[in-house]
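Participant: To start, I am sharing the structure in question, which I have written as structure tokens.
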Protein chains: 2
Amino acid sequence: MALFDTPVRRAVSDVQVLAFEDGQARPRPDRLVTEEPLEVRVAGPGQEPVAFAVTMRTPGNDFDLAAGLCFTEGALAGPDALDGIAYCVGPEQEQQYNIVTLRMRTLVLPDVHERRFLSNASCGICGKAALDEVDLRVAPVGAGPTVAASVLGSLPDALASHQRVFEKTGGLHAAARFAADGTLRETREDVGRHNALDKLIGRALVDRALPLADDVLLVSGRLSFELVQKAAAAGLTVLCAVSAPSSLAIAAAEHFGQTVVGFLRDGRFNVYTHPERVDVSG
Amino acid sequence: MALFDTPVRRAVSDVQVLAFEDGQARPRPDRLVTEEPLEVRVAGPGQEPVAFAVTMRTPGNDFDLAAGLCFTEGALAGPDALDGIAYCVGPEQEQQYNIVTLRMRTLVLPDVHERRFLSNASCGICGKAALDEVDLRVAPVGAGPTVAASVLGSLPDALASHQRVFEKTGGLHAAARFAADGTLRETREDVGRHNALDKLIGRALVDRALPLADDVLLVSGRLSFELVQKAAAAGLTVLCAVSAPSSLAIAAAEHFGQTVVGFLRDGRFNVYTHPERVDVSG
């Protein structure tokens, strides 16, 4: 089976479906969001690349994704540690579009790898270290902007107008960052919600725009712990979600000093943490 | 910061929010879906437990989740390999509700661990092995049932009537399995879509109900590659999703011989693969 032999290079894939409606089934063309594995490898100076992670992603902005993933997961310290990003080249010199290697001036992989995937804590201390580690990777964020309620209310429409692929497939998450006056600065889409945010953050890292302390983040779906921690790694202070946050997302945002706005739709929203950054009279 | 010192034992957490609507901000109580880390450990006969995975999950059905995760990720061969599941016990004999250990008669962890998280393939072969591996872990499914279109149309309402926590929080994914006549057999919820399916499959494993070749699966959201592969591990032949499938989900289902039904809502749906299991006249 050659699932991965002929990678589709587009964010949308064409398929034929049998559409059932009003008691009738008719064949018709349809479009799906493309999902493909991306293997991210890292290498220090003069070293052979080693695999850091495999993520299922929508092709496009792969270098942003690789940089963002390594940064938010603690394997890349910042833009100065980055020496280059490239697709892997195969034995016949063809580019391998599902493998990206980050060359780093300083590689911190081994620790991270152990910390993320392996825990040798004995049962006596019961993995306390493993759990505590979850929230210790990233420092609290800075002061950040104050955002008017009217600006917050305008963000979902601003994102939707840029979220093209979703309209075609119904299958994409989006992450966007805005200035405090509501100006859209950047947006990224992916079949995976983590990937959309990693792409956004990775682009900012490569552009040397980190930390994003003056920006407002909007994600198209729910807000989980991991999204909050990734946002904190990028210094993001105001996090908005169209849908619900989780309990741990709120606990983490409280810890990192971030403002969480949830259920942001139709001009309404809830503020869960640090409401001082929201100007409800504005 | 004691994010994890006092684990909430409920699927729903109470919070105070500042609700903004019609130009006014009012404090009011709200409910969030609970998200907490679960560390899953595995141990062979006479061995100390080692960490297999940490997943962010909604507390509840933790043993189902641990069994399902280990099974669908290849570390647990089946019910006969399982010797027991328990929460870890701390130094003062208190149960640690965020750490579960699976005792196994045969432990296959080391290979799986390497396969999932580490790849030492040199650049010359370009991770081909790593990518190909993705779809080789599970065997194709069996013949499975034929399901009437009218039955498929009835599934979302049947699931919704059992999805209680979602109504309170808007933050939960659900996975359910039905008989071919539409009878609901089991449902599980979680903040993570993978976890909801792992809980469903883990329960079936413990109940010695695997493979689930005669059942119809419904997931409340989108259908990704990983969900398709987990479903294949459980022998599920008919996979339905309320929202969109991805391209790789479809490619994998084609490979495993599964029927995929997407955008199943309001009596309408699309069939993406193996339509022979759908009776459109029924």
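Participant: Select from the range B:231-247 all residues whose loss of accessible area on going from the chain by itself to the full protein assembly reaches 30 Å² or more (probe 1.4 Å).
Facilitator: At a threshold of 30 Å² (probe 1.4 Å), the residues of the range B:231-247 that become less exposed are B:Ser246, B:Ser247.
Participant: Classify the range B:28-75 from the C-alpha gyration tensor, please: rounded if a/c falls under 1.5, else prolate or oblate depending on whether a/b exceeds b/c.
Facilitator: Prolate, because a/c is 1.5 or more and a/b exceeds b/c.
Participant: Roughly how much accessible area, to the nearest 100 Å², goes out of reach of solvent when B and A pair up, both sides summed, probe 1.4 Å?
Facilitator: Using a 1.4 Å probe on protein heavy atoms, the buried area is about 6500 Å².
Participant: Right, here's the next one. Just want to confirm a number: the relative contact order over the range A:160-220, from Cα pairs under 8 angstrom separated by 6+ residues, in percent.
Facilitator: After rounding, I find 36 percent.
Participant: Copy-to-copy spacing for B:Gln24, label 7 Å out on the Cα-to-C-beta vector, in nm, shortest first?
Facilitator: Taking the point 7 Å beyond Cα along Cα→Cβ, the inter-copy spacings are 5.1 nm.
Participant: What are the nm distances, shortest first, from B:Thr146 to its equivalents in the other copies, labels at 7 Å along Cα→Cβ?
Facilitator: Nearest to farthest, the other copies are at 6.9 nm.
Participant: Something else now. Would you mind getting me the FRET efficiency between B:Gln47 and B:Asp80? Use the beta-carbon distance for r and R0 = 22 Å, nearest 0.05.
Facilitator: Here the calculated transfer efficiency is 0.75.
Participant: Between A:Arg105 and A:Arg185, what's the calculated FRET efficiency when r is the beta-carbon distance and R0 is 22 Å? Round to 0.05.
Facilitator: According to the calculation, E is roughly 0.20.
Participant: Something else: What residues qualify as long-range amide H neighbours of B:Glu21, i.e. H under 5 Å apart, gap of 5 or more or another chain, H built at 1.01 Å from N?
Facilitator: Those lying under 5 Å, H to H, from B:Glu21 are B:Arg26.
Participant: B:Ala81: net charge of surrounding residues, Cβ under 13 Å, Lys/Arg +1, Asp/Glu -1, itself excluded?
Facilitator: Around B:Ala81, the surrounding residues sum to +1.
Participant: Another question about this same structure. Gap in Å between the Cα centre of the range A:256-272 and the Cα centre of the range A:10-63?
Facilitator: 30 Å
Participant: Which shape class applies to the range B:242-282: rounded if a/c is under 1.5, otherwise prolate when a/b exceeds b/c and oblate if not, where a ≥ b ≥ c are the square roots of the Cα gyration tensor eigenvalues?
Facilitator: Oblate, because a/c is 1.5 or more while a/b does not exceed b/c.
Participant: From other protein chains only, count the Cβ atoms within 10 Å of every residue's Cβ in B:93-104, then give the mean.
Facilitator: Average neighbour count from other chains, rounded to a whole number: 2.
Participant: May I pose another question? Put a dot 7 Å past each Cα toward the Cβ at A:Ser150 and A:Ala209; how far apart are the dots in nm?
Facilitator: Taking the simple label geometry, A:Ala209 and A:Ser150 are separated by 2.6 nm.
Participant: Considering amide H positions built from the backbone, and no H for Pro or chain starts, which residues 5 or more places from B:Thr273, or on another chain, come under 5 Å of its amide H?
Facilitator: Counting only residues 5 or more places away or on other chains, the set is B:Val260.
Participant: Determine the share of the range B:189-236's accessible area contributed by carbon and sulfur atoms, expressed in whole percent, with a 1.4 angstrom probe.
Facilitator: The value for the range B:189-236 is 44 percent carbon and sulfur by accessible area.
Participant: Within 10 Å of each Cβ in B:180-188, how many Cβ atoms from other chains are there, averaged over the peptide?
Facilitator: 0
Participant: Quick check on the range B:146-261: take the gyration tensor over C-alpha atoms, sort the square-rooted eigenvalues as a ≥ b ≥ c, and tell me if it's rounded (a/c under 1.5), prolate or oblate.
Facilitator: Rounded, since a/c falls under 1.5.
Participant: List the distances, in nm to one decimal, from the label point of A:Arg265 to the label points of the same position in every other copy, shortest first, placing each label point 7 Å from Cα along the Cα-to-Cβ direction.
Facilitator: Going from nearest to farthest copy, the values are 0.9 nm.
Participant: A further question follows. To the nearest whole number, what is the average tally of beta carbon atoms from other chains within 10 Å of the beta carbons of peptide B:34-40?
Facilitator: Counting Cβ atoms of other protein chains within 10 Å of each residue's Cβ and averaging gives 5.
Participant: If eta is 1.567 mPa s and T is 4 °C, what Stokes-Einstein diffusion coefficient results for the range B:9-48, Kirkwood Rh from Cα pairs, in µm²/s?
Facilitator: 94 µm²/s
Participant: Would you mind checking which residues have amide H under 5 Å from B:Leu38's amide H? H placed 1.01 Å from N; only 5 or more apart, or other chain.
Facilitator: The answer is B:Thr55, B:Met56, B:Arg57.
The values are calculated or read from the model by the stated rules, or taken from the named source; none is laboratory data. Since the model is a prediction, treat every value here as computed from it, not as a measurement. Cβ: placed from backbone, ideal geometry, glycine included. Neighbour counts: every protein chain shown. We work out accessible area using only protein heavy atoms, side chains counted, and drop any ligands, DNA or RNA first. Shrake-Rupley method; radii C 1.70, N 1.55, O 1.52, S 1.80 Å.
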